[in-house]
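Only one structure is covered here, and it is reproduced in the block below.
The values are calculated or read from the model by the stated rules, or taken from the named source; none is laboratory data. All of these numbers come straight from a predicted model, not from anything done at the bench. Neighbour counts are summed over all protein chains in view; Cβ atoms, including those assigned to glycine, are modelled from backbone coordinates with ideal geometry. When the accessible area is computed, the model is the full protein with side chains, heavy atoms only, and any ligands, DNA or RNA have been set aside. Shrake-Rupley method; radii C 1.70, N 1.55, O 1.52, S 1.80 Å.
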Amino acid sequence: MSKTVLETKDLCKTYIVDRYSNNVLQNVNLKIEEGELVSVMGPSGSGKSTLLYSISGMDTVTSGKVLFDGEDLTQMNEKQLLNIRLLKMGFIFQQMYMMKKLCIMDNIILPGYQAKVQSREEVNKRAKELMNRLGIIDTADREITEVSGGQLQRACLCRALINNPKVLFADEPTGALNSKASLEVVQEILKANKNGTTVMMVTHSEKVASISDRIIYLVDGNIQGEIVLGKMNDFGELAVRERKIKNWLNEMGW
């Protein structure tokens with residue numbers, strides 16, 4: 001029997017700008033099962049990133065509940081949230097945030113050292129294994145300005161996976177990459193999912209979303225529909241799945 005790892009109940013997020021209310025999320029009810037790879041799609045301004053930040057505890061919510069592994073994140077203080085994000089969550093964004101004064105290797109191992117769950121030797125070993133798997137071990141001692149965008153995003157993925165997170169959150173992870181680098185990052189996200197990591201991803205790309213088990217369509221802060229694709233076994237299925245998504249999005253009016 002599958003286990004729900006992420007759940008929102010009547011989730012609302014409202015911003016007040018110049019005394020006017022902007023209801024970005026409105027009564028969102030969503031469940032993501034352990035081991036799923038779920039993408040969120042929708043027009044610009046539909047609340048996709050806000051939903052991801054709210055579910056991951058990076059942003060406060062106006063009302064409703066966010067359950068992570070059965071625990072309500074909305075009832076936790078900042079220290080508790082920081083601990084869960086460090087130990088149980090991994091993050092990869094369109095903008096590849098890394099510390100400029102640290103080399104690639106040091107950026108990757110930093111969350112592992114901060115977690116204090118494994119010894120430094122074990123963290124270093126894990127980092128090298130990840131970098132080898134993602135084909136960037138030769139960049140270990142380089143500065144972040146000395147590698148390509150694709151290499152840097154794969155390094156961000158290594159950092160996100162360093163503590164073996166339960167859930168990987170990805171916000172437009174290929175938005176700043178060319179098509180070749182995008183495919184490489186997508187392949188690695190899929191591998192992480194096949195290795196047991198649950199993935200919630202925001203993307204505008206049908207090709208990127210093609211690796212998903214399920215896609216949620218968000219409009220004006222409301223879930224308007226979803227499509228179930230099932231597990232992707234082979235990248236040869238990518239084109240067929242992409243066409244299916246495009247047809248579905250057309251039906252949804254996007």
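If Rh is defined by the Kirkwood formula over all Cα pairs and Rg also comes from Cα, what ratio Rg/Rh do you get for the range 18-160? Using only Cα positions, Rg/Rh for the range 18-160 is 1.02. Per-atom-type breakdown for the chain gives carbon and sulfur 47% of the accessible area (1.4 Å probe, protein chains only). Between LEU82 and ASN247, residue separation times 0.36 nm minus the direct Cα-Cα distance comes to 55.4 nm.
For the chain, the solvent-accessible area works out to 49 Å² per residue, with a probe of 1.4 Å and every protein chain left in place.
Comparing ASN29, ASN124, ASN178 in a Gaussian network model of the chain (Cα springs below 10 Å), the most mobile by mean-square fluctuation is ASN178. Take every Cα-Cα pair in the chain and report what % of them are more than 35 Å apart. That fraction is 14 percent.
Net length available on complete extension from TYR20 to ASN233 is 71.9 nm, with 0.36 nm assigned per residue and the Cα-Cα distance removed. Modelled spin labels at ASN27 and SER119, positioned 7 Å past Cα toward Cβ, are 5.6 nm from each other. Largest GNM mean-square fluctuation among VAL66, VAL147, VAL185, using the chain with Cα springs under 10 Å: VAL147. In terms of its Cα atoms, the range 157-254 spans 39, 31, 26 Å along the principal axes, sorted from long to short.
Considering the range 131-197, its Cα convex hull presents a mean projected area of 4.5 nm². At the residue level, TYR97 shows approximately 140 square angstrom of accessible surface with a 1.4 angstrom probe and all protein chains present. Running a GNM on the chain with Cα contacts under 10 Å, which residue among VAL186, VAL240, VAL202 ends up with the highest mean-square fluctuation? Per the Cα network of the chain with a 10 Å cutoff, VAL240 tops the list. Taking max minus min of the alpha-carbon positions on each principal axis, the range 1-99 gives extents of 44, 38, 30 Å, largest first. By the helix-only formula, in which each DSSP H run with n ≥ 4 contributes -39500 (n - 2.57) and the sum is divided by residues, the chain has a 222 nm mean residue ellipticity of -11000 deg cm²/dmol.
Looking at the chain alone, DSSP beta bridges between its own residues are antiparallel in about 55 percent of cases. Suppose R0 equals 41 Å; then what is the FRET efficiency for ASN178 and GLN75 from their Cβ-Cβ distance, rounded to the nearest 0.05? Calculated value: 0.45. Measuring against 28 Å, Cα to Cα, the residue pairs LYS31/LYS191; LYS48/LYS79; LYS101/LYS191; LYS31/LYS246; LYS65/LYS125; LYS9/LYS125 contain LYS101/LYS191; LYS65/LYS125; LYS9/LYS125 as the ones spanning a longer distance. Radius of gyration over Kirkwood radius for the range 85-149, both on Cα atoms: the Rg/Rh ratio is 0.94. Amide H contacts of LEU37: VAL199, ASP213, ARG214, each under 5 Å away and 5 or more positions distant or on a separate chain (H built 1.01 Å from N in the peptide plane; Pro and chain starts excluded).
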